[in-house]
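K.L.:
What follows is a single structure, and I will ask about it in a moment.
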Amino acid sequence: MFHSIAELAELASLEKTTIGKLVLQRQAKELEKSEQEVWKTMLKNYQVMVKSANVGIEEPQKSFSGLVGYDGRKVFEQATKSRSLVGEVVGKAIGRSLAVAEVNAAMGKIVAAPTAGSCGILPAVLMGTVEKFDLTEEKAVYGLFTAAGIGMVIATKASISGAEGGCQAECGSASGMAAAAAVEMAGGSPEQAINATAIALKNTMGLTCDPVAGLVEVPCVKRNAMATVNAMCAAEMALANIKSVIPVDEVVKAMKEVGDAMPAALRETAIGGLAGTPTAKKIEKDFLGK
């Protein structure tokens, strides 16, 4: 629907609306559905996100491998008991991001946003922003449309696949999408939103995809937490009118070039990076019998 992220912001500004509302309108037209129908679909997505975060904290489970589980609840409880180093908002966001990623590792129901490996980032950022500013569910759904618009351009111009572009394409893209959503939910402008995306993407440039034993668990779950904080940091800077020196679409282009240059061993093959360490190889042998 859109040729660039800059086009998204320009059109939204021209029409005196938000990126989220613009994406909803264009998506409805593209799908030949009513805006209400498209809205209801995205609302369901948000509700699944919220439920997966709550399940991951209230009813946590270990993954089948036993490598991950319960960490989301640990961090969330620490944040709610005022023992958080980073504060309650960020602490709870970290906990939720871990919790959702753990639900995914335990074969629970999540929303791929944009992938299953990066499923904890958007829910954590959106829920944290809703709580911080006492926003409605409607605001959160519009935030998801903002994220979707950004994600569609990244998927077209670069990649959202770890196998194609490394984890910068998964957790990095999710972080950039979440940053833009948080900015608009907080009342920021379309220009501020895309600056947040650029900042978030720059901070994850070159991130490898190196899952231990080929499982979406280590280091994937903890990278969801890292990318969540990165998104909130980028949004905070953009809301303070800090701009990315490199325009967002140039950042996306650079991200593709970096992904293309990445060796196959660092692109979801479970060969290099952390997956190639002695401990990882032992885990792989114990779990897969290799």
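The values are calculated or read from the model by the stated rules, or taken from the named source; none is laboratory data. A quick note: this is a predicted structure, and the numbers were derived from the prediction, not measured. For neighbour counting, all protein chains shown are included, and Cβ atoms are generated from backbone atoms with ideal geometry for every residue, glycine included.
K.L.:
Of all residues in region 77-96, count the ones that are hydrophobic (A, V, I, L, M, F, W, C) and in contact with a Leu (Cβ under 8 Å, 6 or more places away or on another chain). I'd like the intermediate steps shown before the answer.
P.N.:
So in region 77-96, the residues hydrophobic (A, V, I, L, M, F, W, C) come out as 79, 85-86, 89-90, 93-94.
From what's left, in contact with a Leu (Cβ under 8 Å, 6 or more places away or on another chain): none.
Residues in region 77-96 being hydrophobic (A, V, I, L, M, F, W, C) and in contact with a Leu (Cβ under 8 Å, 6 or more places away or on another chain): 0 in total.
K.L.:
To continue, here is another question. So Ala124 passes all but one of these: (1) out of contact with any Ser or Thr (no Cβ under 8 Å at 6 or more places or on another chain); (2) in a helix (DSSP H, G or I). Which condition number does it fail?
P.N.:
(1)
Yes/no per residue for (1) modelled with pLDDT of 95 or more; (2) within 13 Å of the chain's Cα centre (by Cα); (3) under 23 Å from Glu268 (Cβ atoms):
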position	(1), (2), (3)
Phe145	yes, no, no
Lys157	yes, no, yes
Ala169	yes, yes, yes
Ala182	yes, yes, no
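K.L.:
Looking at region 66-78, can you tell me whether even one residue there is of a type in the set (A, V, I, L, M) and under 17 Å from Gly151 (Cβ atoms)? It would help to see each step written out before you state the result.
P.N.:
Step one: filter region 66-78 for residues of a type in the set (A, V, I, L, M), giving 67-68, 75.
Retained after the next criterion (residues that are under 17 Å from Gly151 (Cβ atoms)): none.
No: region 66-78 contains no residue that is of a type in the set (A, V, I, L, M) and under 17 Å from Gly151 (Cβ atoms).
K.L.:
Okay, moving on. Of all residues being surrounded by fewer than 16 Cβ atoms within 10 Å (Cβ to Cβ) and in a helix (DSSP H, G or I) in region 57-90, which is modelled with the lowest pLDDT? Just the residue, please. Give the derivation first.
P.N.:
Residues of region 57-90 that are surrounded by fewer than 16 Cβ atoms within 10 Å (Cβ to Cβ), as a first pass: 58-59, 62, 64, 66, 70, 74, 77, 80-83, 85-87, 89.
Retained after the next criterion (residues that are in a helix (DSSP H, G or I)): 58, 74, 77, 80, 89.
Details: Glu58: 98, Lys74: 98, Glu77: 97, Thr80: 94, Val89: 97.
That would be Thr80.
K.L.:
Could you grab the pairs with beta carbons closer than 9 Å, sequence gap of 6+ or different chains, first residue in region 250-265 and crowded, with 20+ Cβ neighbours inside 10 Å, second one of a type in the set (Lys, Arg)?
P.N.:
Between residues of region 250-265 that are crowded, with 20+ Cβ neighbours inside 10 Å and residues that are of a type in the set (Lys, Arg), the close pairs are Val251/Lys202; Val252/Lys157; Met255/Lys157; Met255/Lys202; Gly259/Arg267.
K.L.:
OK, next. Quick check, is Lys256 at pLDDT 95 or above, part of a helix (DSSP H, G or I) and among the charged types (D, E, K, R)?
P.N.:
Criteria met by Lys256.
K.L.:
Just a yes or no: is a residue in region 2-14 under 25 Å from Ala193 (Cα atoms), surrounded by 17 or more Cβ atoms within 10 Å (Cβ to Cβ) and modelled with pLDDT under 95?
P.N.:
Yes, there is a match, as at least one residue in region 2-14 is under 25 Å from Ala193 (Cα atoms), surrounded by 17 or more Cβ atoms within 10 Å (Cβ to Cβ) and modelled with pLDDT under 95.
K.L.:
From the list Glu184, Glu164, Glu191, Glu170, which residue is crowded, with 24+ Cβ neighbours inside 10 Å and over 17 Å from Pro219 (Cβ atoms)? Outline the logic, then answer.
P.N.:
Working: Glu164 fails: crowded, with 24+ Cβ neighbours inside 10 Å; Glu191 fails: crowded, with 24+ Cβ neighbours inside 10 Å; Glu170 fails: over 17 Å from Pro219 (Cβ atoms).
Checking each option against the conditions leaves just Glu184.
K.L.:
Let me ask something else. Just to be sure before I move on: is Ala99 closer than 18 Å to Cys220 by Cα and free of Cβ contacts under 8 Å to residues at least 40 places away in the same chain in the structure I sent? Before the answer, list the steps.
P.N.:
Numbers: closer than 18 Å to Cys220 by Cα: yes; free of Cβ contacts under 8 Å to residues at least 40 places away in the same chain: no.
No; evaluated as a whole, the condition is false for this residue.
K.L.:
Look at Lys285 and say whether it is assigned to a helix (DSSP H, G or I), on the phi < 0 side of the Ramachandran plot, among the basic types (Lys, Arg) and in contact with a helix residue (DSSP H, G or I) (Cβ under 7 Å, 6 or more places away or on another chain).
P.N.:
On the way: assigned to a helix (DSSP H, G or I): yes; on the phi < 0 side of the Ramachandran plot: yes; among the basic types (Lys, Arg): yes; in contact with a helix residue (DSSP H, G or I) (Cβ under 7 Å, 6 or more places away or on another chain): no.
No, not satisfied.
K.L.:
A further question follows. Can you give me the number of residues within region 161-188 that are touching a residue at least 60 places away in the same chain (Cβ under 8 Å), over 28 Å from Thr136 (Cβ atoms) and in a helix (DSSP H, G or I)?
P.N.:
7
K.L.:
Follow-up question, since we're still on this one. If we scan region 126-147, do we find a residue that is out of contact with any strand residue (DSSP E or B) (no Cβ under 8 Å at 6 or more places or on another chain), under 14 Å from Ser97 (Cβ atoms) and hydrophobic (A, V, I, L, M, F, W, C)?
P.N.:
yes
K.L.:
Scan region 15-47 for residues that are more than 22 Å from Gly187 (Cβ to Cβ), surrounded by fewer than 16 Cβ atoms within 10 Å (Cβ to Cβ) and not acidic (Asp, Glu) and report the count.
P.N.:
Looking only at that region, the number is 9.
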